[in-house]
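Data block below; observations after.
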Amino acid sequence: MSKLGNLGARLHRGEVGYDFVKNRKIWYGISILITITAILGLAVRGLNMGIEFQGGAVFTTPKHMSTSVSQAETYAEEASGHDAIVQKLGDGSLRIQIAGIDTGKSDQIKDELSKDLKVNSEQINADLVGPSWGEQIANKAWQGLAIFMILVVIYLAIAFEWRMALAALVALIHDITITSGIYALVGFEVTPGTVIGLLTILGYSLYDTVVVFDSLKEQTKDITRQTRWTYSDLANRSINGTLVRSINTTVVALLPVAGLLFIGGGVLGAGMLNDISLSLFVGLAAGAYSSIFIATPLVADLKEREPQMKALRKRVLAKRAQAAAQGEPDADRSAESSFTDEPEDAAPAVVGPRNQPASRSRGRGRPSGKRR
């Protein structure tokens, strides 16, 4: 077994672990700092909305143009009075995109471009997008996002509980804000592909969060019947048990997206790939982070405020203090490292076959079998 696979097995069994919940204030602080930076980026620079949302015109020149991209941008900006985005296509033609212009001026801009580029105006193809159509697309995108969020909260509240639904909603808003802020800071154009990428990463982030929540729900059944672990202890175990799986799936998903963003968009110059690849790359990373460092610690925070969980924590801490005073070996061991030594009154932990009863001699230092 590989080192990573061996580590994953030990994390799943609870032999090793990291206390994510204990250090939750650090993760909250990091997320708040990144979120504030993203919001400032949105407020100061704003989103560079594509032509599909603002309206405008796209001019395509004939093949094998000798004019450079920078020179074509200068011509387009002088002709329209607006910023222009120029891309050189594989056949040598130029794609000149000018957003926010009155479509009635397209013929005038087309004539001036033909003079500057020294081609016949009939050879330049013009595609027009009205501002009302772009506004309709933007409104539909926001409506779809709102409906998605509402359905997510309803489903998680029914399948799990309202605290998990709230934590998942916070994590999703966290991912959307960070991804949108990165778009504003980088200045990439927001297109329908960007919206598709956002919805994709929200589904991925939600899946990653639900995997941890499902493990947590299974392990916290009848948690108040035992006095060994607090809710935070079991939340830590749920995160650690799915940690390697989350890392593996995130890395595997990021590799092809990184190829699109850095190789396709950066090296090969296929700028049209940037709109969807950046949202996927940032969103996948943010989604994995929020599932591990935000959603589950937030659930533990909310659950520990319940009277039953407060009483359980007092009993657990009292038992550990008593064991420490008596010098028992288990007293100096962390909750995460003692999951394999489960007493009879322990909450169910998903380790090994579920239908096998726990041995009374387990973890007590004496062999099983008949006494002689």
Within the set of other residues whose C-beta is less than 14 Å from the C-beta of Val86, count the net charge using Lys and Arg as +1 and Asp and Glu as -1. -4
Taking 21 Å as the cut-off for C-alpha to C-alpha distance, list the pairs among Lys88/Lys115; Lys105/Lys140; Lys22/Lys303; Lys25/Lys303 that go past it. Lys105/Lys140
Where segment 177-267 is the region considered: accessible area per residue in Å², 1.4 Å probe: 38 Å²
Ordering Arg225, Arg315, Arg237, Arg45 by the accessible surface of their heavy atoms, 1.4 Å probe, largest first, yields Arg225, Arg45, Arg315, Arg237
Ratio of segment 182-242's C-alpha Rg to 2.2 N^0.38 Å, to two decimals? 1.75
For Ala324 and Ala311, calculate 0.36 nm times their separation in residues minus their Cα-Cα distance, and state this gained length in nm to one decimal. 2.7 nm
Starting from the 7 Å offset along Cα-to-Cβ, what nm value, one decimal, do you get for the label separation of Gln108 and Val251? 5.8 nm
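With Rg and the Kirkwood Rh both taken from Cα atoms, where does Rg over Rh land for segment 56-194?
My calculation of the ratio gives 1.18.
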Given a Förster distance of 51 Å, the FRET efficiency implied by the Cβ-Cβ spacing of Asp19 and Glu73, rounded to the nearest 0.05, works out to 0.45
To one decimal place, what Kirkwood hydrodynamic radius in Å is obtained for segment 203-325 from all pairs of distinct Cα atoms? 16.7 Å
Counting only protein heavy atoms and leaving out ligands, DNA and RNA, the solvent-accessible surface of Leu254 at a 1.4 Å probe, in Å² to the nearest 10, equals 30 Å²
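The values are calculated or read from the model by the stated rules, or taken from the named source; none is laboratory data. For clarity, every value in this text was computed on a predicted model and none was experimentally measured. Using ideal geometry, Cβ is built from the backbone for each residue, glycine included, and neighbour counts are taken over all protein chains shown. All accessible areas refer to the heavy atoms of the entire protein, side chains included, with ligands and DNA or RNA removed. Shrake-Rupley method; radii C 1.70, N 1.55, O 1.52, S 1.80 Å.
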